[in-house]
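Data block below; observations after.
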Amino acid sequence: MRCGYFDDLAREYVITDPRTPVKWINYVGTLAFGGFVDHTGGALLCRGDPATNRITRYLALQPASDFKGTTLYLRAGSEGRYVVSSPFYVPGLQPLDLFECHIGLGYTRIVSAAGGLQTAATFFVPRGEARLLIDIRIRNIGAEPLEVDAIPVVEYTHFDALKQLTNADWVPQTMQSTAMREGDGRIILSQYAFMMRDTRVNYMASSLPASSFETDRRRFLGDNEYGTWARPASLGARELGNSQATRGDNIGALMHHLGKISPGAEKRLIVQIGQARSVAEDTPAIRGFGDPARVEEAFRDIRAFWDAYLDRQQVRTPDADADRMLNIHNPRQCYVTLTWSRYLSLYQLGYGARGIGFRDSSQDAMGVLPNAPVEARELIMRLLSVQTRAGHAMHQFNPATMEATMGDAREREDRPQYYSDDALWIVLAVCEYVKETGDFQLLSHPVPFYDKAESGHPAETATVLEHLTRALVFTRGNVGQHGLPLLGFADWNDTVNLPAGAESIFTACLYGKALAEMSALLLQTGDTAGAAECDRWFEEMKSLFNRHAWDGAWYVRYFDADGAPLGSRSNAQGQIYINAQTWPVIARFATPERALAALQSMHSRLNTRHGIKKSAPGFNGFDPAKGGVTTYPPGAKENCGIFLHTNPWAMIAQTLVGNGDLAWQYYRQINPALSNDQVERFECEPWVYPQNILGDEHPLFGLARNSWLSGTASWVYQAAVKHILGIRPDYAGLTVDPCIPAGWDGFEVTRAFRGARYLIRVRNPSHVCRGVRSMTVDSREVRGAMIPAFADGAEHTVEVELG
Ligand code: GLC
């Protein structure tokens, strides 16, 4: 079963059946103002922070058929007989003659037809603006003239997203709305959105005169709310009730009598939902966006932004499903994760203190480097400011206040209060940033440490380079009985929370990788002594690692506080973990023989047709000594599910042992575009990577959840372009080091890099996976498979032959 198709030329996915297995969403705007729009026109909006400045009431937990946040009703007919309908399908659920939801880059356009009317509504947030625009065109496609009314609706929430669910007296007592009529008959409805720090107004406005309005949900749905969103009682009368709510559940609804639309004619209505300090302050801008020309210009601006973003790196491979992901949807998802981290989606509901995750965002920053290095830098600097002077990092921070916390660790005071991997990720992110941009100056930039929680310490500021050093020193200073890094509360695998004293194989490898990166970076800065020190630390850890972590046919994943292994054949459950096989290869800790054996064990024990499982076999029942991982049934999420974030690491590891065929098999088996024909199984949006897919120990093997906000986006993009296609920035230029399926004849990449453009053509006449036989740049032979960074604003042609 499929619910839509890819339109690569338009850079869209088009949903053609509104009854998708679960809601499919698209992001609009950024965290500064934005959120998501679902494919039936519901919108969740916030400004600056979804927990403490939420605008629309979008309850993701409610059934798909329910009104959520925003909608549009049409009322059409002739001679006094009118029919109310929902052009977005929800909440009216009347059958439609046509339904198309175009998922574009930064916009969603819903086109539908019923009862002789075709409606096209484009949702987007203009760049830099704090307003959602809904640009609606209603066309008479029938043979008879029709009288048409258009009634857009928004439902507001309390600014505190969690309080709306927990305090049903205080919240409604604070809600108030007012209506302001403009001279020309237009109405601006505003809702008083007091906040703890300041007050704002949320508003709804439109480009056409409105004859009446409603701001009180009780009145709109019908007295005492026994009307429903599917059939609001107030739409039975010609006009809405014009009540300005003094409490309760506040909405905005505007009645527009569009008049008679003759066959073939069209009316256009532009709706705005925004937030401002006051209506007065924003009125000029509201009026401005009532002008269709201004709206079209803002829309062109969005398209130009995405074109420029994507244009910096485009590929052409023999695999069309890969190309549509690598050229459009994958880098788009990388940008979405950069903006929203794991904070706001249909699954991450933006409540509480979760905010922006240190490890997650460090990895997200790497994903956008080819396309948006400036944005990556901004995020890296914010992350460094929540690293502690001790060297470890705060786990999460609130983007609006920059208050940081230790995440879930706070709930377990008996466990170590740090995550052993967090700070190490930023070492990788900074090194990749410098390789992309050549911006070594970043390293000497001063950044304060985050030590507000530790009283008695004066605020301390240090250079970016010093921040990185502290991360490494912290790991080196916090090791357990085998000399391997202590786990802390957890490592990357958030939900394995072993009692204090446990050691992490993953963190050992990440530390190794970070040391190798740091050594290379220091060599570039001329600090040979520092580089040699990193190399020594690397060798020390590598030898401890190989002495203790080898289990015979694969590497173990943890040692518990008693020194017993987890991820070993001696365990009944959790015998083998993917990350403990891929990361020793990525870190270059594994000897060549062990690398091959570990990857072979991973492949035979963990690979499935829908992706590689995180571990096996699954824990079956809660075990307080292991923590969160045992709350899931076998096959779900971290408990032996296909946790997708880990799969690109397996692709990278296969390229490092030269197996381009397996690397590509791993790429294809998780490409969501290939699930487009099986959405009854996959259920999630087929144009983005989900976080998890149920594994083969689960009855619903192959079912995806937690789409959009996953580190999978960044790592698949990196694995595919930097490691499989092998176009990889390095300090001296662009390395060309492909590891592709032997069957490929070649591929092409166009790449903007440090002020020049490169057209890279790779041919593979001998059908090998790896090995550059010759390379020319602008027809001149180049040795070492490294494209120099010309920085001359020109375009250069690179011809590569493998063999
Ligand atoms: C979630 C978390 C991420 C963690 C992963 C695996 O995606 O956001 O930080 O690494 O789960 O536990």
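Every read-out reported here was derived from the displayed coordinates using simple, explicitly stated rules and does not represent laboratory data. On a predicted model such as this, the values are computed, not experimentally measured, just so you know. FYI the Cβ positions are ideal-geometry reconstructions off the backbone, even for glycines, and counts take in every protein chain you see.
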Taking N as the number of residues in the range 98-144, the ratio of its alpha carbon radius of gyration to 2.2 N^0.38 Å works out to 1.34
Shape category assigned to the range 250-345 from the gyration tensor of Cα positions, a/c cut at 1.5:
prolate
In Å and whole numbers, how far do the C-alpha atoms of the chain stretch along each principal axis, longest first?
85, 62, 52
Based on the mean of other Cβ atoms within 10 Å per residue, sort peptides 442-449, 357-364 so the most packed one is first.
357-364, 442-449
Residue span residue 226 to residue 600: 0.36 nm per residue of separation minus Cα-Cα distance leaves a gain in nm of 128.4 nm
Going by a ≥ b ≥ c, the root eigenvalues of the Cα gyration tensor, does the range 179-219 fall in the rounded group (a/c under 1.5), the prolate group (a/b larger than b/c) or the oblate group?
oblate
Sorting 207, 269, 292 by the position of each Cα along the dipole of the range 177-303 (Lys, Arg +1; Asp, Glu -1; all at Cβ), the one nearest the positive end of that ordering is 269
So for the range 318-390, what are the equivalent ellipsoid semi-axes in whole Å, largest first, each being the square root of 5 times an eigenvalue of the Cα gyration tensor?
26, 17, 8
Could you calculate the FRET efficiency of residue 266 with residue 165 from 1/(1 + (r/R0)^6), where r is the beta carbon distance between them and R0 is 56 Å, rounded to 0.05?
0.85
Where does each of 223-236, 180-193 land if you order them by average Cβ count within 10 Å, highest first?
180-193, 223-236
Rough spin-label spacing in nm, given labels placed 7 Å along Cα→Cβ, for residue 766 and residue 303
4.7
With runs of 4+ DSSP H residues as the only contributors, calculate the mean residue ellipticity of the chain at 222 nm using -39,500 (n - 2.57) per run, divided by the residue total and rounded to the nearest 500.
-8000 deg cm²/dmol
Quick one: Karplus J couplings for the range 655-668, per residue in order, coefficients 6.51, -1.76, 1.60, θ = phi - 60°, nearest Hz, x for Gly and Pro?
5, 6, 9, x, 9, x, 5, 5, 4, 6, 4, 5, 5, 5
Per residue, the convex hull enclosing the alpha carbons of the range 682-803 has a volume in Å³ of 136
For the chain, give the magnitude of the charge dipole about the Cα centre (Cβ charges: +1 Lys/Arg, -1 Asp/Glu; no others), in debye to the nearest 20.
440
Which value, in Å to one decimal place, does the Kirkwood hydrodynamic radius take for the range 229-296 when every pair of different Cα atoms is included?
15.4
Using a/c under 1.5 as the rounded threshold, could you call the range 174-243 rounded, prolate or oblate? The axes a ≥ b ≥ c are square roots of the C-alpha gyration tensor eigenvalues, and prolate needs a/b larger than b/c, oblate otherwise.
oblate
Report ³J(HN,Hα) in whole Hz for each residue of the range 771-788, in order, from the Karplus equation J = 6.51 cos²θ - 1.76 cosθ + 1.60 where θ = phi - 60°; Gly and Pro get x.
x, 8, 7, 8, 8, 10, 10, 6, 6, 9, 5, 10, 9, x, 6, 10, 7, x
Using only alpha carbon pairs under 8 Å that are at least six residues apart, calculate the relative contact order of the chain and give it in whole percent.
9
Which of 5, 666 comes first, and how do the rest follow, when ranked by fewest Cβ neighbours within 10 Å?
5, 666
Please report the antiparallel percentage of the DSSP beta bridges confined to the chain, to the nearest 5.
95
Mind giving me the nanometre distance, one decimal, between the label points for residue 174 and residue 62, set 7 Å out from Cα along Cα→Cβ?
2.1
Report, in debye and to the nearest 20, how large the dipole of the range 157-202 comes out about its Cα centre when Lys and Arg carry +1 and Asp and Glu carry -1 on their Cβ.
40
Set the bar at 29 Å for Cα to Cα. Now go through 23/722; 542/613; 23/614; 513/626; 23/513 and name every pair that lies beyond it.
23/722; 23/513
Provide the gained length on full extension for the span residue 452 to residue 1, in nm with one decimal, where the gain is 0.36 nm per separating residue minus the Cα-Cα distance.
157.0 nm
Restricting attention to the alpha-carbon atoms of the range 2-104, what are Rg (one decimal) and Dmax (integer), both in Å?
15.4, 49
Of 790, 706, 765, farthest towards positive along the dipole that unit charges on Lys, Arg, Asp, Glu beta carbons give the range 697-803:
706
Degrees separating the helix 422-437 axis from the principal Cα axis of the chain, which is the longest one
90
Given 0.36 nm per residue, what is the gain on full extension from residue 246 to residue 141 after removing their alpha carbon distance, in nm?
33.6 nm
Counting other beta carbons within 10 Å of each residue's own, what order do 550, 649 fall into, fewest first?
550, 649
Which aspartates and glutamates, if any, have their Cα less than 17 Å from the Cα of residue 452, not counting same-chain residues under 8 positions apart?
403, 460
